[in-house]
Amino acid sequence: MGAFAEFAPRRHGTPAAVTVRAATVDDLAAVERVQDGAGQALLLDGIRAAILDSRRYVVVAVADGATDGEIAGWAKTHLHPRSDGEAPAGHYLGGVTVVPSWRRRRVATALTEARIAWIAERADRAFYVVNARNAASVALHERWGFREVARAAAFHGVTFAGGAGVLLAADVSGW
Ligand SMILES: CC(C)(COP(=O)(O)OP(=O)(O)OC[C@H]1O[C@@H](n2cnc3c(N)ncnc32)[C@H](O)[C@@H]1OP(=O)(O)O)[C@@H](O)C(=O)NCCC(=O)NCCS
């Protein structure tokens, strides 16, 4: 499986009944399974640190009624206190990963909605960087009005497979 979902704009699913909540360190094993299942790399110590950092928001989506500790997806934010070239200081949406069998059921939408609401309580703008080839991710974020700000090989130390990343920003005041 590739790291990015195939871009399939006409494929839709039925929205899933999930609850999004703040992650705890007890969710780390489930987060690791999601990353493994999606073919995504993960630095578990980094996620643990993010969960324990009150300046960041790590969330998991739990299917309503699930009792086995499994999650349908997870996501995080980063706080960059200083600008880096064209990339401003501020709250950035971090990675969002959904288990393949749960995709196109609005799980990532729910995970992003929760993070946007959290950022909106702290700032007027939200940022996000993405690999220029990840069209599914770009489409996912359109509903919050993200607009391209810049393209570069790296933003805030994040590099991109293939070499091109996009920085996007959205006005979340009044969200
Ligand atoms: C990108 C990803 C997070 C989307 O998760 P998801 O739960 O399937 O997304 P949603 O169901 O909430 O999709 C919401 C909207 O985003 C867009 N979208 C999501 N996946 C898409 C795809 N594969 N192709 C085209 N559009 C897509 C659609 O507009 C979709 O609405 P629709 O289903 O009514 O058409 C998931 O495919 C994934 O985990 N990919 C691998 C990791 C990754 O690339 N993460 C993003 C890094 S920034």
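The values are calculated or read from the model by the stated rules, or taken from the named source; none is laboratory data. It should be emphasised that the depicted structure is a prediction, and the values quoted were computed from it without experimental measurement. Methodologically, a virtual Cβ is constructed for each residue, glycine included, from the backbone with ideal geometry; neighbour enumeration extends over all protein chains shown.
On the basis of being under 18 Å from residue 115 (Cβ atoms), in contact with a helix residue (DSSP H, G or I) (Cβ under 8 Å, 6 or more places away or on another chain) and surrounded by fewer than 19 Cβ atoms within 10 Å (Cβ to Cβ), does residue 52 make the cut? Before you say what the answer is, go through the steps one by one.
Details: under 18 Å from residue 115 (Cβ atoms): yes; in contact with a helix residue (DSSP H, G or I) (Cβ under 8 Å, 6 or more places away or on another chain): yes; surrounded by fewer than 19 Cβ atoms within 10 Å (Cβ to Cβ): yes.
Yes.
Just checking, how many residues over the range 119-175 are surrounded by fewer than 16 Cβ atoms within 10 Å (Cβ to Cβ) and in contact with a Ser or Thr (Cβ under 6 Å, 6 or more places away or on another chain)?
So the answer is 1.
Quick check on my filter: what residues within the range 112-145 are outside any helix (DSSP H, G or I) and either away from the ligand (no atom under 11 Å from the Cβ) or in contact with a helix residue (DSSP H, G or I) (Cβ under 8 Å, 6 or more places away or on another chain) (or both)? First the steps, then the outcome.
Of the range 112-145, the ones outside any helix (DSSP H, G or I) are 121-134, 145.
Residues satisfying the conditions are 121, 122, 123, 124, 125, 126, 127, 128, 130, 131, 132, 145.
Restricted to the range 1-45, and to residues that are part of a helix (DSSP H, G or I) and within 13 Å of the ligand (Cβ to nearest atom), which residue is farthest from residue 108 (Cα to Cα)? Walk me through it before giving the result.
Kept after step one, since they are part of a helix (DSSP H, G or I), are these residues of the range 1-45: 25-37, 44-45.
Next, from what is left, pick out any that are within 13 Å of the ligand (Cβ to nearest atom): 31, 34-37.
Values: 31: 14, 34: 13, 35: 14, 36: 17, 37: 16 Å.
Among those residues, the one meeting the criterion is 36.
Has the range 70-83 got at least one residue that is modelled with pLDDT of 95 or more, more than 19 Å from residue 112 (Cα to Cα) and not small (Gly, Ala, Ser)?
The answer is yes, given that some residue of the range 70-83 is modelled with pLDDT of 95 or more, more than 19 Å from residue 112 (Cα to Cα) and not small (Gly, Ala, Ser).
Under 6 Å between Cβ atoms, which residue pairs at least 6 apart in sequence (or on different chains) link something in the range 87-111 that is farther than 17 Å from residue 19 by Cβ and more than 10 Å from the ligand (Cβ to nearest atom) with a partner that is of a type in the set (S, T, N, Q) and not in a strand (DSSP E or B)?
Listed pairs, sorted by first residue: 89/83.
Going through 33, 56 one at a time, which residue ends up being without any contact (Cβ under 8 Å) to a residue 40 or more places away in the chain and either touching a Leu at 6+ places or on another chain (Cβ under 9 Å) or β-branched (Val, Ile, Thr) (or both)?
Numbers: 33 fails: either touching a Leu at 6+ places or on another chain (Cβ under 9 Å) or β-branched (Val, Ile, Thr) (or both).
Residue meeting the stated conditions: 56.
For the range 46-65, give me each residue that is part of a helix (DSSP H, G or I) and in contact with a Lys or Arg (Cβ under 7 Å, 6 or more places away or on another chain).
As a first pass, look at the range 46-65 and keep what is part of a helix (DSSP H, G or I): 46-52.
Hit for the range 46-65 is 50, nothing else.
In the range 5-12, is there at least one residue being closer than 24 Å to residue 129 by Cα and at pLDDT 95 or above? Quick ask: steps written out before the conclusion?
Filtering the range 5-12 down to residues closer than 24 Å to residue 129 by Cα leaves 5-9.
Imposing the further condition that a residue be at pLDDT 95 or above reduces the set to none.
No; the residues of the range 5-12 include none that is closer than 24 Å to residue 129 by Cα and at pLDDT 95 or above.
Please find, among 15, 81, the residue that is within 25 Å of residue 160 (Cα to Cα) and over 17 Å from the mean Cα position of the chain (by Cα). Even if it seems obvious, please write down each step before you answer.
Working: 15 fails: within 25 Å of residue 160 (Cα to Cα).
Being within 25 Å of residue 160 (Cα to Cα) and over 17 Å from the mean Cα position of the chain (by Cα) holds for just one of 15, 81, which is 81.
With respect to residue 6, is the statement that it is over 23 Å from residue 116 (Cα atoms), in contact (Cβ under 8 Å) with a residue 40 or more places away in the chain and in contact with a strand residue (DSSP E or B) (Cβ under 8 Å, 6 or more places away or on another chain) true?
When the stated conditions are applied, residue 6 does not pass them.
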